[in-house]
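*Asks:* Following this message is one structure expressed as structure tokens.
The values are calculated or read from the model by the stated rules, or taken from the named source; none is laboratory data. Model, not experiment: these values are computed from the prediction. Every residue, glycine among them, receives a Cβ derived from its backbone with ideal geometry; neighbour counts consider all protein chains shown. Side chains are part of the model used for accessible areas, which takes the heavy atoms of the whole protein and leaves out ligands, DNA and RNA. Shrake-Rupley method; radii C 1.70, N 1.55, O 1.52, S 1.80 Å.
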Amino acid sequence: MNMHSLILRTTGHFLLPLLLLFSVFLLLRGHDEPGGGFIGGLVAAAAILLYLFSMDTESARKVLRVDPRDLLGAGMVLAVISAIPGVFRGQAFFTAQWWEFTAPIFGEMKLSTVLIFDIGVYLVVIGSVLTIMLNLAEAED
């Protein structure tokens, strides 16, 4: 039986999408400009944890849709992949590379290995925090 308050459940449902959207903003913008994979990942993990506290472990896993360990692994792979393009251009490992292209809807865009690395950090932080917290919550049950 779910003994959580109505206010907590309502807040969890309302804040989840807002916090996830804010975490993506932090990922792309960063707290000081370049990118904020770490802080964005913490905000996204906090959003899922708020949902966990307001509902239950099973509901939080359904919202997440993937195993947090898979997120952790995918993030590590992305972070390592972001280091490789510089080597193929005769530069040092982890040297930032930038690509410009035109997208039909968005116009001119830039993609960089820095963004790929930040997305990897974002996924690693979400995966590691949620792996720990979900396992603790399940052990408590």
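*Asks:* Could you check, for region 115-129, whether at least one of its residues is touching a residue at least 40 places away in the same chain (Cβ under 8 Å), aliphatic (A, V, I, L, M) and assigned to a loop (DSSP other than H, G, I, E, B)?
*Replies:* Looking through region 115-129, none of the residues is touching a residue at least 40 places away in the same chain (Cβ under 8 Å), aliphatic (A, V, I, L, M) and assigned to a loop (DSSP other than H, G, I, E, B).
*Asks:* I've got another one for you. How many residues are more than 29 Å from residue 14 (Cβ to Cβ), within 15 Å of the chain's Cα centre (by Cα) and open to solvent by less than 50 Å² (accessible area, probe 1.4 Å) when one looks only at region 63-91? Step through it out loud before you land on a result.
*Replies:* As a first pass, look at region 63-91 and keep what is more than 29 Å from residue 14 (Cβ to Cβ): 73, 76-91.
Now restrict to residues that are within 15 Å of the chain's Cα centre (by Cα): 73, 76-79.
With the extra rule that they be open to solvent by less than 50 Å² (accessible area, probe 1.4 Å), the set shrinks to 73, 79.
Selection size over region 63-91: 2.
*Asks:* Another question, then. In region 99-114, which residues are among the β-branched types (Val, Ile, Thr) and either touching a residue at least 60 places away in the same chain (Cβ under 8 Å) or not in a helix (DSSP H, G or I) (or both)?
*Replies:* Matches in region 99-114: 102, 105, 114.
*Asks:* Now for a separate question. Going by the conditions given, is residue 38 among the aromatic types (Phe, Trp, Tyr), open to solvent by 60 Å² or more (accessible area, probe 1.4 Å) and over 12 Å from the mean Cα position of the chain (by Cα)?
*Replies:* No, not satisfied.
*Asks:* Being over 30 Å from residue 139 (Cβ atoms), small (Gly, Ala, Ser) and either open to solvent by less than 80 Å² (accessible area, probe 1.4 Å) or in a loop (DSSP other than H, G, I, E, B) (or both) is true for just one of 96, 45, 60. Which residue is that?
*Replies:* Exactly one of 96, 45, 60 is over 30 Å from residue 139 (Cβ atoms), small (Gly, Ala, Ser) and either open to solvent by less than 80 Å² (accessible area, probe 1.4 Å) or in a loop (DSSP other than H, G, I, E, B) (or both), namely 96.
*Asks:* Hey, another quick one. Return the residue satisfying two criteria in turn: it lies in region 100-129 and is surrounded by 10 or more Cβ atoms within 10 Å (Cβ to Cβ) and among the small types (Gly, Ala, Ser), and of such residues it is farthest from the chain's Cα centre (by Cα).
*Replies:* 112
*Asks:* Still on this structure, I have one more. Within region 55-82, track down each residue that is of a type in the set (Gly, Ala, Ser) and modelled with pLDDT under 90. Show your work before the answer.
*Replies:* Taking region 55-82 first, the residues of a type in the set (Gly, Ala, Ser) are 59-60, 73-75, 79, 82.
Correct list: 59, 60.
*Asks:* Scan region 19-29 and give yes if some residue there is under 22 Å from residue 111 (Cα atoms), charged (D, E, K, R) and under 18 Å from the mean Cα position of the chain (by Cα), otherwise no.
*Replies:* Yes: one or more hits.
*Asks:* I would also like to ask the following. On the given criteria, is residue 54 closer than 28 Å to residue 13 by Cα and open to solvent by less than 50 Å² (accessible area, probe 1.4 Å)?
*Replies:* Yes, satisfied.
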